[in-house]
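Engineer: Here it is: the structure, laid out below.
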Amino acid sequence: MKAWVISAEKAPKPGYVFDEFEKRMGIARDGTKVWKNAVYELQDIEIPKLSPKEVLIKVRACGICGSDVHTYEADADGYISFAWLTRFPNTPGHEFSGEVVEVGGEVKRFKPGDYVTAEEMQYCGECEACRTYHFNQCDYLLEPGSTIPGGLAQYIKVHERYVWDIKDIIDAYGIEKGFMVGALVEPTGISYNGTIVRSGGIMPGQFGAVYGAGPIGLGCIALMRAAGMSKIFAFELSPERMELARQFGASHVVNPAELSKRGKTPADHILEETRGWGCDLQIECAGQPHKLYQDMCRAVSCGGGIVQIGHSPQNASVPVNMAQLMWKGGHASGSNGHAGSAIFRNAINVIASKQVDYTKMITGVYDLDHAVDAILETKKANGGKIMVKID
């Protein structure tokens, strides 16, 4: 089968210490400090062999994520920009859908011909985090495209535990569009975890704000609208993404650069438009928390929350106005992943309902041979989801 394979040099920066899991699995918990000089090649490799509980999926569509861009990017010394779990060589791609073509002897839930997608957060189920139902915080997490082979290939194998049926999406959108929309379940699950689960929930009539209207941000906006928020602010620099934010339900779409020209910030705009109340929920999807958090804290409503979804090397050094959070009784939460809390099931149902036409999120389609071009297009950050269609 054809598959993209990333190879990289393992060169830990001075002071980086591998824990026992990293040593045993050959994984780095922070790729920016370990892997350099990444090389992408389209190769002919063997179709994966199944264990008794695994499902073989013929991949039909695979989305390109910002994490794929960060893995492709390099700093001046050649180190990748993805500050998360990584292992090479590996096949990238974790947002995929396809058709089951073979199942292991002990698989009970799926059969050849089923239309499916799969979770990226493949938790062990046995560590202390998993035993306390914090699946996204699993100590021994494995992820397609990051630490195990991903979906930028003609076939992928996945344990049935992480596989989900998307027949309702196929019925709603048709086969061709349905597979591409089915590949949006994973990023929509990321949005769902932050917007609904980690936020503590939404009450109809509340005010929300999303910083960064890329695919994750668009998912957050759609969920805020579905949950009944009355004012939804979207802050975005790209004109194309600003228009997508409107289509996905934002009521106030603002270019922060234009605000800056008038001597104003997003917090100023929010406070003006909400008569000083602020936002009950703000979600950072831009990967710029070091630039945004002081202003976001100003815009927190009484009891309001901030949720961090965007990955960034700057996440470890973000100035937060704790005094403002204390005065307002506010809170800040991290959101990582999409496992547990019925997230995948609910994300599939939201997409299949067509309350929002999720095909509008897809603004570019490439074939497998040109997947690197898809990554470069995603890097421009001026459209929605870039998809790789795989025949």
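No lab work stands behind these numbers, since they all come straight from the coordinates. Since we're looking at a predicted model, the values are computed, not measured. When we count neighbours, we look across all protein chains shown, and the Cβ atoms used for this are built from the backbone with ideal geometry, even at glycine.
Engineer: If we count other beta carbons within 10 Å of each Cβ, what is the order of HIS159, HIS94, fewest first?
Structural biologist: Numbers: HIS159 17, HIS94 26.
Ascending number of Cβ neighbours within 10 Å: HIS159, HIS94.
Engineer: Treating only the Cβ of Lys, Arg, Asp and Glu as charged (+1, +1, -1, -1), what charge dipole size does the stretch 189-334 show about its Cα centre? Round to the nearest 20 debye.
Structural biologist: The dipole magnitude comes to about 140 debye.
Engineer: Which loop-located chymotrypsin sites (Phe, Trp or Tyr not before Pro) does the stretch 72-140 contain, where loop means any DSSP state but H, G, I, E or B and the Cβ has at most 12 other Cβ atoms within 10 Å?
Structural biologist: TYR133
Engineer: Roughly how many nanometres apart are two label points built 7 Å out from the Cα toward the Cβ at GLU106 and ILE45?
Structural biologist: 2.5
Engineer: With r as the distance between the Cβ atoms of GLU258 and HIS331 and R0 = 41 Å, compute the FRET efficiency 1/(1 + (r/R0)^6) and round to 0.05.
Structural biologist: 0.85
Engineer: Which residue, LEU259, LEU152, LEU368, tops the fluctuation ranking in a GNM of the chain built on C-alpha contacts under 10 Å?
Structural biologist: Greatest mean-square fluctuation among the candidates belongs to LEU259.
Engineer: With unit charges on the beta carbon (Lys/Arg positive, Asp/Glu negative), name the residue among CYS279, SER7, GLY364 whose Cα is farthest towards the positive pole of the charge dipole of the chain.
Structural biologist: So the residue we want is CYS279.
Engineer: Would you please give the FRET efficiency between ASP373 and ASN349, computed as 1/(1 + (r/R0)^6) with r the Cβ-Cβ distance and R0 = 25 Å, to the nearest 0.05?
Structural biologist: On the way: r = 33 Å, r/R0 = 1.33.
About 0.15, to the nearest 0.05.
Engineer: Right, another one. 5 Å is the cut-off here: which amide hydrogens, built 1.01 Å from N in the peptide plane, fall below it relative to TYR155, excluding neighbours closer than 5 in sequence?
Structural biologist: Here the answer is VAL59, since their amide H atoms fall under 5 Å of that of TYR155.
Engineer: At q = 0.12, 0.13, 0.16, 0.17 Å⁻¹, what is the log10 ratio I(q)/I(0) for the stretch 189-334, with the Debye formula run over Cα points and no solvent?
Structural biologist: -0.40, -0.47, -0.75, -0.86
Engineer: State the Cα centre-to-centre distance between the stretch 297-356 and the stretch 133-211 in whole Å.
Structural biologist: Using only Cα atoms, the two centres lie 16 Å from each other.
Engineer: Follow-up. Using +1 at the Cβ of each Lys and Arg and -1 at the Cβ of each Asp and Glu in the stretch 6-103, identify which of TYR16, ALA83, GLY31 lies farthest towards the dipole's positive end.
Structural biologist: Going by the Cα projections, it comes out as TYR16.
Engineer: If you average the sequence gap of Cα pairs under 8 Å that are 6 or more apart and divide by the length of the chain, what percent do you get for the contact order?
Structural biologist: Once divided by the residue count of the chain, the mean separation gives 17 percent.
Engineer: Out of residues 5 or more away from TYR140 or on other chains, whose amide H comes under 5 Å of its own, with H placed 1.01 Å from N in the peptide plane?
Structural biologist: CYS124
Engineer: Sticking with this one: So if each residue of separation counts as 0.36 nm, and I subtract the Cα-Cα distance between MET1 and THR132, what length gain in nm does that give? Don't skip to the end; give the middle numbers.
Structural biologist: Values: separation 131, 0.36 × 131 = 47.16 nm, distance 3.94 nm.
Computed gain between MET1 and THR132 is 43.2 nm.
Engineer: Still on this structure, I have one more. Only counting other Cβ atoms within 10 Å, I'd like MET229, MET203 sorted with the fewest neighbours first. Let's see the in-between values first.
Structural biologist: Values: MET229 26, MET203 10.
Going from least to most buried by this count: MET203, MET229.
Engineer: Picking from SER301, GLY212, SER230, whose Cα lies most toward the positive end of the charge dipole for the stretch 189-334 (charges on Cβ: Lys, Arg +1; Asp, Glu -1)?
Structural biologist: The one lying farthest along the dipole's positive direction is SER301.
Engineer: Subtracting the Cα-Cα distance from 0.36 nm times the residue separation, let me have the gained length for THR359 to PHE18 in nm, one decimal.
Structural biologist: 118.6 nm
Engineer: Take the Cα atoms of the stretch 285-391, find their three principal axes, and give me the spread along each one in whole Å, biggest first.
Structural biologist: 55, 31, 23
Engineer: A follow-up question, please. For the chain, give the magnitude of the charge dipole about the Cα centre (Cβ charges: +1 Lys/Arg, -1 Asp/Glu; no others), in debye to the nearest 20.
Structural biologist: 820
Engineer: If you place +1 on the Cβ of every Lys and Arg, -1 on the Cβ of every Asp and Glu, and leave all else neutral, what size is the dipole of the stretch 310-391 about its Cα centre, to the nearest 20 Debye?
Structural biologist: Once rounded to the nearest 20, the dipole reads 420 debye.
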